[in-house]
Structure formats: C-alpha cells, structure tokens
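Asks: Would you mind keeping the following structure in view while I ask a few things?
The values are calculated or read from the model by the stated rules, or taken from the named source; none is laboratory data. Since we're looking at a predicted model, the values are computed, not measured. Don't worry about glycine lacking a Cβ; one is built from the backbone with ideal geometry, like all the others, and counts go over all protein chains shown. Heavy atoms of the whole protein, side chains included, go into the accessibility calculation; ligands, DNA and RNA do not. Shrake-Rupley method; radii C 1.70, N 1.55, O 1.52, S 1.80 Å.
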Amino acid sequence: MKIKSKKYVLLLIAIALYACHSKVENPEMVNRQPQIYPDYTGLVIPPNIAPLNFKISEPGSEFEVRISTINSEPIIIHSNDSNIKIDIKQWHKLLANGKGRDLKTDVFVRKSDGKWIGFKTIVNYISQDSIDSHLAYRLINTGYVIWSKMGIYQRNIENFDQKTILENSSFDHGSCLNCHSFSNNNPNSMMLHVRAKNGGTIINSNGKLIKIDTKTNSTISAGVYPCWHPNGKHIAFSVNTINQHFLNGAVRIEVSDEFSDIVIYDIEKNEITTTPELTTKNRENLPVWSPDGKYLYLISAPKTTNLQDRIYAKYDLLRISYDVNTKKWGTLDTVLSSAKTGLSISFPKISPDGKFIMFCMSPNGYFTIHHPATDLYLLNLSTGIYKKMDINSPQTDSYHCFSSTGRWVVFSSKRMDGLFTRPFFCHFDTNGNTSKPFVLPQKDPEFYDTFLKNYNIPELITGEVNISSAKLRDKVLEKAIPAKLDTTIEYMYSKTD
Amino acid sequence: MIQQLKRTANLFYILFALIAWWVTATYIQPFLHYNFQQIAFVHDIEFFYSYANYAGGIADYIAVFISQYFAFNFFGSFLIVSVAVVQSLIALWILNFFVVNSKIQISVFCSFLLASIVMMCNYSFPYYITIRLLLSMVIAVVFVILNNKFTKLSVLFYVLLICLVLYLAGGAAAIVFGLSSLIIYSLTHKIRNTLLFSPLSILFTAILPYIAYKFIFLQSLKDLYNITIDIPPYMYQPEKWLYVYYLLLPLLLLFIILIKKTQGKGISIAAKEKSKVSFRHYISNPTFVFLIQLVICISISYTVFTALYNPQKKYKLLVEYFAENKQWNEVLENAYKIQAYDYKVNFQANRALFHIKRLGEQLFDYPQLSGVNGLFFSDNMEGSVIMPISDLYWDLGLMSESQHWAFEAQTILPNSPRILKRIAMIYLVNRNYRLAEKFLKVLNKNSLYNNWVTQHMKFIKDTSLTNSNPEIIQKRSYNPINTDIEKSAFGTLETLLQWNPTNRMAYEYLLSYSLLSSNLDQFIKYIPQYRNFKYNKMPRSWEEATTLYIATHKSLPENLKSDLVSPETMEQFRQFSKIIANNNFDFNASKPTLQSNYVNTYWFYEFYLSPKNNQ
C-alpha cells in the first residue's frame, strides 16, 4: 500500500514538473538569428563531429531548441537553462541521416512577460566529408619561462572524451613535453620531445618505441621542430638556438633563433644526415615534406648579426629535393620570398593532395603565436598565387594541420579573447575554399570562459594513439640512445664558423 | 577511582585541545600557511577530477577544502586542532579496543595531538599529509572492527582496505595502514597465522605502490612511495619529525603488544619480585601514573614546540603577508625583527619604505647587502619571488611585466587568488574587460572571493566606473603603451619616467638603483628632477650621495644648486672622512668606529656593503 502511494506521489511530481514547462505556442518571430555562444552559425560541419553544445545569449526564463534536417525527426531540447546540451546519440543519428544537407536550428526564448519569441533559423551544412576522429594537443599555461604540470592529450572529437597521451607529472614535473608530431595523421607513428629532466625524443614507429638523443657534436642542438616523411621512417628536424625577449607593445614576447639548421633523422639507422645547403649561416627552419616525400620545404632567414636583426628578420619559403633512399639532395629553390609578400613566412603545411601550401605570415620572425597580426595564407602550388585566407580574425591565427583526407583543417586561434589559443576547424575543398571556422565543441558551452590553458599544436589524427601513457612514461625514464651522425657528411656550418 | 580518573583525563583532553587551539591561533597562525601556500579550493567538477585521478588525490582534495579556511585564523586553528583531536581519539579508541583500562591514554592522546600540531610549525607543510594519515587511521579502525567481527576474512579485508587507502591517501599512508593492520592481525590471530601472514603482508604492502605505478596511476614512483608529492613550487622539504608522525600509529600498536605481553606476565613477575613492592605500588597507582604522564607530556610538548617553532621564519612570512595587504608599517616592523639578512625581506622593506614615503630618507636603514637585487631580484628565479616581482611592476605601473610575472606565477599556482586578482586588475587597467571578466569568473569559483569578484564585476558591467578608481587611473597613466621595454631594470625605470615624469616610484627606484649600483654619475644625472616631486627636504641618502659626489668630483654639475646638501650632512661626511684619515686610510681599521655611527648611511654602504665594491 505504501509503495503504491509512493508511486503516485512520484507520478504527481513528474506531472507537476512537466506542467511547469510551457509549450512554445504562437511565438512572436524576430527577424534576426539568436545570439549563441560559441558561434555555431553558418558553418559547414563534419558528419561525425561531437554535438555543438551552445549557450543562448538571449535573456529569458525558458528556452527551446529544435534541431532538424529534412526527413529526420528533430531533436527538441526544452530547458530552463540557457546552456543547451544536445543528446549525443540523437545528434549523431541526425547528422548521419543529414549528410550533404542543411542542419537547421530553431531557437525559442520565453521572455519575462511569459511570451515566447522565435528567431531566424540558424542554418549549418552537414558535409559529406568526415573529419579525423581525434585531435592531439598540448595543454599549457600562459607562462613563458616557467612550467609546471603539462601534458599532451588526445580528444575524441566525435564525443567529449579527452585522454592523456603523456603528462610530465607521471615522471617528473621538471620535465617539459613538446613538439608532438604524427606521420600522415597516423596515431601509431608519433614522436614527442622531452626537455630538461629525462630529456630525449620519444618515437613510436608503429608500435616500436624508442628514445633518442638527436644532439650530435656537429649539430647546433637536439632536433626541435619535426616533420615526418610520408614513408614514416624519416623525420626532418630543425636544430635551433632559441631565446625569448619580452616587450611591452601589442607583441608581448618575441621568440627568435640565433642559429638554426635542418637535419634528417633516419629512424631505422638511428642516423642524422644533412646537406651544406641546409646548414648555412642563414637560419633554416620548420621543415615540412611534400606529400610524395620528394621535396623538403622549409623557411629561411638571413644570418643574424645583432638582436634587432635577429628578432625582426623575415623568413622566405624554400624547398629542396631529397631522395631518402639514395640520400641525394637537389638544389635549394625559393618558393615564395618575404621580399614579395612583405611579411615573414612560417609554419608551411602542404595539403595531402599536394596542391596547396597553407602557411602563416606575420610582420617578423617565425614564432607566430605571440603575434596578433599573424594570419593564415594559402599558396596554390600550380599557379604560384597566394592569398590571405577567409578564415582569419583580428587576433592571432596560427599553427594549422590538415586532416588525413585534406578536407578539414584545424588551426590555432586566439580570436575568442586575444589571449588563449583554441583549436578551430574549417572545411577545405579541392579548390582551396574554406568554410567559416568553429571552435572545438565542449560538453559545457561555457567551458572556454574559465579554461585557463592553451591548446598548443593541434594535430588531427585518424584514431586514438594506441600506445599507453604508462609505456610512454617508462620509455621517458630510460636513457636516450645517441643518434649517429652520417659519416658521409662533408661539411656542416657550426656556431664557431 | 578509575572512573574519576577517566573523567579527569577527559577534562585534560579538552584542556589540551583548547591549549592547542590557543597555541595554533596565537603562535603558528594558519593564515600564514594560507597566504604562503596560496591555498585555493575551486568549486568546479574539473577541479575534483584533477584530484580524483591519482593515488592520494581524494585526501588532497579534502585537505584543500579544509585548509582554504586557514584564511580565517581562529576558525582555521579550530579545524587544525579538530583534525588533530580526531587522530588522537582514533589512537585512543584503538588503544582501548585492545587494552582494558590502559594507563597510558593521556600520553597517547598528547602524542598524536602534539605531532599533528607541530607539523604546522613549518609554513611549507602541505596539509594533505595530515589528511592522508587521518584517512589511513580511519580505515585502520574499520579494519579493527571487521577483523574482530569476521576473523576468517581478515586477509581479504586487509587487501581491500589497503587498496582503498592507497587510492584515497597515497602510498605512504598505505604503508602505514599495512604495518598497522599487520600488527592488528597479530594481536587477534594465533602466532602460526601471524607468521604466515607477516611476510606476505610486508611484501604486499611494499610492492603495492609499485604495482599501482606500473598498471594504474600515471604518477612517478617517488610520488607513490613518498609522504609528499614532488610538485612545484617544491616548497616543502620533509623533516625527520614527519616520519615520526607517520610511524606513530604502528608504534602505538607495537606498544599495545608490549603492554599485552607485560599484562600476561604481570602476575608471575609480581610473585617473583617481592622486593620491588614499593615501586610496583607506585606503578600500579593510576593517579601517580597519570600525573607522571601529565608532567612528561607537558614537558615534551613544550620542548618539541619550542624546538620546531621558528619565529624568525614567521616574521619573514609576515613581511610577505603585510606586503601583499599593503600594510607597509607592519612590513618594516617585522623586517627589522629578522636577525639574519634575507634578500626577499630586503626587497619588501624597500617597497615598504617607498610606500611610506621614506625610501630616500631611510634606504640604508635596512642593510642593502644584495645591492640592486634588493630592488629588482634581477639575478634570481626562485619560485617564491615570482609574484613579488609582479607586485613590484604593478607598483611601478608597468603592466606588461607585471602580467608576465603573474602568468609565470599562475603556471605554478593556477588557482591562487592573489595571482588571479592581479591578472584581473591588469586587464582592467589595460581596458581588456573581456579578459578581466574571464579571470574574475575563474576567481568566483573560489567561494572566499565572491565578494571581491562582485565588487570588481561592476567595472565590467559599467566600464566607465574604472575611470573613477584611483588605483586604475594611476596605473593607466604610468603604463607606457606600445613602447618596447629594455630588459635591464635601469632602462625600464628610465622608460617609465620618460613616459610619465610624475611616476614618483619610478623616480625613487631609479635613484635608489643608481646608489645601490654605486653609479654616482647616473645618480647626479637624475637628481635635479627631485624638485618635481615637491619633497619637503632632500632625502638623507640622496644628500649623502651628493656629498660623496662633490668629494670625488670636487664640484657639482652646473645645473645643480650648491645648497643641495645641508651643512649638517657636509659636517657628518667630514667626520666620516676624518675617521678614515685618522686610521691612515685603512678601511678595515676604520670599520668598527664607522659601523657604530654611520652604518645606515650611503657612505658606509659604498665603502663596506656594496656588492659591487666589496666582491
């Protein structure tokens, strides 16, 4: 008897709660779209992206959102909270059925007078092109000199799961982790550097895990900025002497190199090679392979004579052919000069189809993330024409990465607040046209409001990194194997030259 | 009789707890822990997750929750003593569980109370150490109960509970639990079973953190075995007392074994040793034993506390605390109490002197043994100076550098209210209201700062209000915009002064920098500007420096008036010179005489203290 009466009470409460939700009837329509945060309007979205949860930045006491595509049951969310969290199963079902169609979002808000208003429909387009399922990045604080806990993480961008690839707290807070890199977006071919304590380069080459010391007696430093050869057996590294300088203008910090060269590391032979053309007095930097693996693209700035030159130099975009099998180098060509662009070129990345180079340009130097004026540019390799991309913002738009198919791009942007770097995605079609960028979706729409870490080096990967954090940690704690220097190298410029 | 003694003991427990509260609130002063460690509890699920994913994290989370209230001295002291009393009561419960009518209750209570309280004498002491041990003790009690009720399942409970302790309280607490439970087991099981269980238990206890390290937790091996976690800013260096504190429970249990064995043999001993009747009489007299323990406990407590309590260290923290709260007279009051020279105190003393408008007058009242590093910390990157550097640049009005160092500090202490407040204020000065709001929102997750956030959120809602805030107005006028700043401290001060010639701090620091770097030419270049600041009289150290300049250059530059230095100061310098001359210009021989009369003068600094001239 008691149980029965309890059931009735619960039923009554449920009915009362339901009754509290007023239905959206005859809403007054407003001739504008609702303000929502983050800005998820007018986008092209991947069919496998996580729900684009958002906050309705319109005053109201109740909210209703209807998300729909043609021929599909709409998702209806009725809430007293302006934070709209979409059911992940329903969302993926809707997107799967709506590929190549518009995704419509209708927002209704109940005002303080009890009346509902409706807004113009938000229309996004569901692309046929899926995006790589995971995004790898480092999360770091805004400190420049000091570090504490830091880690490299992977986020499943089809949902909201973030997993640790490696954290320094698992071995030593005094160690710094950086420069994670993947071969052809392959999570099983990954490398990262450990600096300071337990220093070395960790390479996972399809399950074979090694720790290498890439510093040789003849190179300026250990390998710094990496790029995997498409064969997954070689990594091009820059070797640099890097310093930071603090300023008080719009650019608060400049990072520059006194020296830099480029070397190639052969994973199987544990050998470092280079060519006199890439070890000149000039500052060769940021190597990147062409998708066919025949060319190495790089940036280069003149040698430095004083601090002013060093910081305010502009970098050109160059390339050189190289046959990894015969170790035969070609001659260095200029692809795009800073004299032509008037700006300094940095972080070149080639689209997987080999048609385009996407790169950053800023007034000086190569370390673009601290330059608010940094923008993304696109060079058509067949026509030689370059253009400023539509995806830029007034704030820093910098480090970028193509998806394995080349149809999506992720890049770092400070557009949300001018301070913190967040990963933004956009569609990239075969002609190099891009769609409006959108920020990595989070479960909590207000996540970015209070998240005080930066997403550093966002890299799209086709799946989850399968090597465990514990294995990586154990490898970090091992002694690094010194890399050998190719004995056939005849000359290498050194600091003392 | 025994009942009466019990009641007396209970009264003494309360009395001891009250004394502990008074000592903690009066001498230890937990608000200094709060301030020094920048304790921050964030009401955020992510904050909880960040603790829940490592061994000991739950205890650490509880510890941060409790220790945030150390901000309130008396309540914080109450919490510290309450936790210590709980530990003591657990120890008593365990004792009473195994020993009927034990006579050492007061000693046990005092030992645990004392150990828990004296740990707080070290202001770097991370409170999670106490909470980790507390959890280990609580679970030991659970084991005692389960072991007593389900004797046959003791081993199973041991395995389950030690794993639980490892997760909740970390490896060291698990080892404490492991050792304790082994002794508890031996107290309740036959010797044969104990002999079988002991090696297995010891082995399992020893390797459990390693197993967890290898297969479960992404922590360093050190962190899984040590009592403390090796995490920046690496403030706490474990002391020997810490190991005593952690071994108290196993030691108590060993003592219980001893008592039980002695009790067992008690009759036969009594029968054999008739000659010792009078001694046994006293020993078996509960009142006598109680009083003896009372005397010993009080003596030990006093000795241990005075050995561990270091007022000199406390003064240094008080200097930091008062500097943060802009109580400049208190900064100086405590700075002068510190006997051994400390460059961080020197730094804060100089700031305080500026703020009470006595920098020029009293610069050398504090021994400036670090030279210019006492103004700028230029050669130091120690973690504890990072935020004071930000404070200094805030004072000077150079927002970029204040922000730079605040962000460096935030890397180490991400939730520190002091740092978050500073960053929010910098963005308000810089009119970047969006970022100011972001940092205010983060700070608002700390319930102790809701009022501060509310007060400052009004600047976001109505940005024009910033134009009526004197501090913001001043910083805006001092902050040079789009001017590249040189890295040298002197160059920075010059730029600030060029940007705003009314920046009095930049001016006084610039002159002080010149004096401390023994650069009189630089000093003389800038001294004419002193008239802009409307000083009542030329500050003493500047007069002294000018005198020395006249003495060494035989004249003053044309743009300087000859009446810059008072006749009294000229006369003092003549006397100073005379003493050196009387000692045949032997500076070492002159030093004792000069030290007694001129130790707080620029002249004495220049000849005897300046790091530049006395390397």
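Asks: Which of the residues in the range A:241-260 show a loss of at least 40 Å² in accessible area from their chain by itself to the complete set of protein chains, at a probe of 1.4 Å?
Replies: A:Phe246, A:Leu247, A:Asn248, A:Arg252
Asks: Label B:Thr552 and B:Asn588 with points 7 Å out from Cα along Cα→Cβ: what is the distance between them in nm?
Replies: Each label point is offset 7 Å from its Cα along the Cβ direction, giving 2.3 nm.
Asks: Compare B:Ile460, B:Ile80 by solvent-accessible area with a 1.4 Å probe and give them largest first, with all protein chains kept in place.
Replies: Correct descending sequence by accessible area is B:Ile460, B:Ile80.
Asks: In chain B, which cysteines lack any other cysteine Cβ under 4.7 Å from their own?
Replies: B:Cys121, B:Cys163
Asks: Next question, about the same structure. Let me know the shape class of the range B:79-145, please: from the alpha-carbon gyration tensor, a ≥ b ≥ c as square roots of the eigenvalues, rounded when a/c is under 1.5, otherwise prolate if a/b is greater than b/c, or oblate. Walk me through the numbers before you get to the answer.
Replies: On the way: a/c = 3.21, a/b = 1.58, b/c = 2.04.
Oblate, because a/c is 1.5 or more while a/b does not exceed b/c.
Asks: Also: Any chance you could run the full-extension gain for B:Leu164 through B:Leu258? It's 0.36 nm times the residue separation minus the Cα-Cα distance, nm to one decimal.
Replies: Values: separation 94, 0.36 × 94 = 33.84 nm, distance 2.92 nm.
Full extension from B:Leu164 to B:Leu258 adds 30.9 nm.
Asks: Let me ask you something else. For the protein assembly as shown, which whole percent of the accessible surface, found with a 1.4 angstrom probe, sits on carbon and sulfur atoms?
Replies: Details: 27480 of 48180 Å².
Carbon and sulfur together cover 57 percent of it.
Asks: Please give the charge dipole size of the range B:390-503, origin at the Cα centre, charges +1 on K and R Cβ atoms and -1 on D and E Cβ atoms. Round to the nearest 20 debye. Write down the numbers at each step before the final one.
Replies: Working: 13 positive and 10 negative charges, 130 e Å.
Roughly 620 debye, rounded to the nearest 20.
Asks: Farthest toward the dipole's positive end in the protein assembly as shown, which of A:Ile45, A:Gln308, A:Pro287, given Cβ charges of +1 (Lys, Arg) and -1 (Asp, Glu) about the Cα centre?
Replies: The listed residue farthest towards the positive side: A:Ile45.
Asks: Based on the Cβ-Cβ distance of A:Asn466 and A:Thr430, what FRET efficiency does E = 1/(1 + (r/R0)^6) give at R0 = 41 Å, to the nearest 0.05?
Replies: Working: r = 31 Å, r/R0 = 0.76.
Efficiency at R0 = 41 Å is approximately 0.85.
Asks: Relative contact order for the range A:360-497: what percent, with Cα pairs under 8 Å and sequence separation of 6 or more? Could you put the intermediate results ahead of the total?
Replies: Working: 197 pairs, mean separation 22.0, N = 138.
Relative contact order comes out at 16 percent.
Asks: Now for a different question. Provide the per residue accessible area, probe 1.4 Å, for chain A, rounded to a whole number of square angstrom. Mind showing how you got there, number by number?
Replies: Values: 20200 Å² over 497 residues.
Solvent-accessible surface per residue comes out at 41 Å².
Asks: Work out, step by step, the length gained on full extension between B:Ser124 and B:Leu247: first 0.36 nm times the residue separation, then minus their alpha carbon distance; give nm to one decimal.
Replies: Numbers: separation 123, 0.36 × 123 = 44.28 nm, distance 2.08 nm.
Here the answer is 42.2 nm.
Asks: Rank B:Asn584, B:Tyr167, B:Asn600 by how far each Cα sits towards the positive end of the charge dipole of the protein assembly as shown (+1 on Lys, Arg Cβ; -1 on Asp, Glu Cβ) and give me just the farthest.
Replies: B:Tyr167
Asks: A further question on this structure: Label the range B:306-463 by shape, choosing from rounded, prolate and oblate, from the square roots a ≥ b ≥ c of the eigenvalues of the Cα gyration tensor; if a/c is under 1.5 it is rounded, and otherwise prolate applies when a/b is larger than b/c, oblate when it is not. Mind dumping the intermediate values first?
Replies: Values: a/c = 2.06, a/b = 1.70, b/c = 1.21.
Here the range B:306-463 falls in the prolate category.
Asks: Still on this model: Can you pull the percent of Cα pairs in the protein assembly as shown with separation above 60 Å? Before the final figure, lay out each step's value.
Replies: Details: 150278 of 617716 pairs.
Every Cα pair in the protein assembly as shown considered, those over 60 Å come to 24 percent.
Asks: May I pose another question? Setting aside same-chain residues fewer than 8 positions from A:Lys387, which lysines have a Cα under 20 Å from its Cα?
Replies: Cross-link targets: A:Lys314, A:Lys340, A:Lys349, A:Lys355, A:Lys436.
Asks: Counting only heavy atoms of protein chains, what accessible area per residue, in Å², does chain B have with a probe of 1.4 Å?
Replies: Details: 27980 Å² over 615 residues.
Heavy-atom SASA per residue in chain B reads 45 Å².
Asks: Next question, about the same structure. Compute the acute angle (0 to 90°) between the alpha-carbon long axis of helix A:88-97 and the principal axis of greatest extent of the alpha-carbon atoms of chain A; round to the nearest 10°.
Replies: Computed tilt is about 80 degrees.
Asks: Only bridges with both residues in the protein assembly as shown count here: give the DSSP antiparallel percent, nearest 5.
Replies: Details: 121 of 129 bridges.
Of all bridge pairs located within the protein assembly as shown, approximately 95 percent are antiparallel.
Asks: How high is the relative contact order of the range B:359-474, in percent, with contacts defined as C-alpha pairs under 8 Å that are six or more residues apart?
Replies: Numbers: 97 pairs, mean separation 17.5, N = 116.
After rounding, I find 15 percent.
Asks: If I fit a long axis through the Cα atoms of helix B:154-188 and take the longest principal axis of the Cα atoms of chain B, what angle between them do I get, 0 to 90°, rounded to 10?
Replies: It works out to around 30 degrees.
Asks: Follow-up question, since we're still on this one. For the pair B:Ile292 and B:Val100, what calculated FRET efficiency results from E = 1/(1 + (r/R0)^6), where r is the Cβ-Cβ distance and R0 = 22 Å, to the nearest 0.05?
Replies: Between B:Val100 and B:Ile292 the formula returns 0.60.
Asks: Any idea what the relative contact order of the range A:264-370 is, in percent, if you count C-alpha pairs under 8 Å spaced at least 6 apart? Write out the running numbers ahead of the final one.
Replies: On the way: 204 pairs, mean separation 23.3, N = 107.
Averaging sequence separation for qualifying contacts and normalising by length gives 22 percent for the range A:264-370.
Asks: Checking an interface number: how much accessible area is buried between B and A, summed over both chains, with a 1.4 Å probe, in Å² rounded to 100? If you can, show how the numbers build up before the last one.
Replies: Working: alone 29590 and 21850 Å², together 48180 Å².
By this definition, chains B and A bury close to 3300 Å².
Asks: Right, here's the next one. Nearest 10 degrees is fine. How inclined is helix A:2-20 to the longest principal axis of chain A, computing both from alpha carbons?
Replies: So the helix axis and the longest Cα principal axis differ by about 80 degrees.
Asks: First check a/c for the range B:66-223, with a ≥ b ≥ c the square roots of the eigenvalues of its C-alpha gyration tensor; if it is under 1.5, answer rounded, and if not, answer prolate when a/b is larger than b/c or oblate otherwise. All intermediate terms of the calculation are to be shown ahead of the outcome.
Replies: Details: a/c = 2.50, a/b = 1.26, b/c = 1.98.
Cα axes put the range B:66-223 in the oblate bin.
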